[in-house]
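Structure first, commentary second.
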Amino acid sequence: MYHAKSSLFLRKYSLYDQHGLELMQISRPFSLFSMNFKIHKFDEYIAEINKASNFFSNNLNIQSINGTYFAQGNFRANDFTLYKEDDEVAKISRHGVFKAKQYGVAVLDSEDPLLILSIVLAIEMMIRVKRSRKG
């Protein structure tokens, strides 16, 4: 079981284990026009996530030490399919109303679950930032 905590202004999410040890950091460098995220495991860089250039899409390009991923999201940003190269490796669904959001995540055994959970947190950060920009 993991616990996630966000910083002020959605600049960073931290992922903790059941003992309170910080395992992953998902940060959002300041940028006015692009949405990028960096993932670190302890102090080691493991991935960078960039929102696809199409303004209306909810797709993400992910470059990690484990390979290249692509997250394809639906229009409402509540269902995502994660591909590694061309193979489906995870399904992500977002449920809940208002602030109480929950995610269902199905991951292949061959994939790093902490990396996938970090991608889920980056998706949540992307959704919240997009909604805050709308006013």
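Rounded to the nearest whole Hz, the Karplus-based 3J(HN,Hα) values (6.51 cos²θ - 1.76 cosθ + 1.60, θ = phi - 60°) of segment 9-21 follow the sequence 6, 6, 8, 7, 10, 10, 10, 10, 7, 5, 9, x, 7, with x at glycine and proline.
Distance from the Cα centroid of segment 1-25 to that of segment 71-135 is 16 Å (rounded to whole angstrom).
The residues neighbouring S7, those whose beta-carbon lies less than 15 Å from its own, together hold a net charge of +4 under the Lys/Arg +1, Asp/Glu -1 convention. Sites listed here are chymotrypsin sites (Phe, Trp or Tyr not before Pro) in segment 61-135 whose DSSP assignment is loop and whose Cβ has at most 10 other Cβ atoms within 10 Å: F75, F98.
Rounded is the label for segment 3-134, because the ratio a/c of its alpha-carbon gyration tensor axes (a ≥ b ≥ c) stays below 1.5.
Annotation note: trypsin sites (Lys or Arg not before Pro) in segment 45-135 located in DSSP loop regions with a Cβ neighbour count of at most 14 within 10 Å are R76, K99. From least to most packed, judged by other beta carbons within 10 angstrom and beginning with the fewest, L115, L10 follow the order L10, L115. Sorted ascending by nearby beta carbons within 10 Å, beginning with the fewest, V105, V120, V89 become V105, V89, V120.
Each Lys or Arg adds one and each Asp or Glu takes one away; over the other residues whose Cβ falls under 14 Å from the Cβ of E88, this sums to -4. For segment 26-91, the list of GluC sites (Glu not before Pro) that fall in a loop by DSSP and count at most 13 other C-beta atoms within 10 angstrom reads E85.
Using only side-chain charges placed at the Cβ, +1 for Lys and Arg and -1 for Asp and Glu, the dipole size of segment 3-134 relative to its Cα centre rounds to 1120 debye.
With neighbours defined as other Cβ atoms within 10 Å of a residue's Cβ, the residues I65, I119 order from fewest to most as I65, I119.
Read-outs: derived from the displayed coordinates by stated rules, not from any lab. Every value quoted in this text rests on a predicted model; they were computed, and no experiment measured them. Every residue, glycine among them, receives a Cβ derived from its backbone with ideal geometry; neighbour counts consider all protein chains shown.
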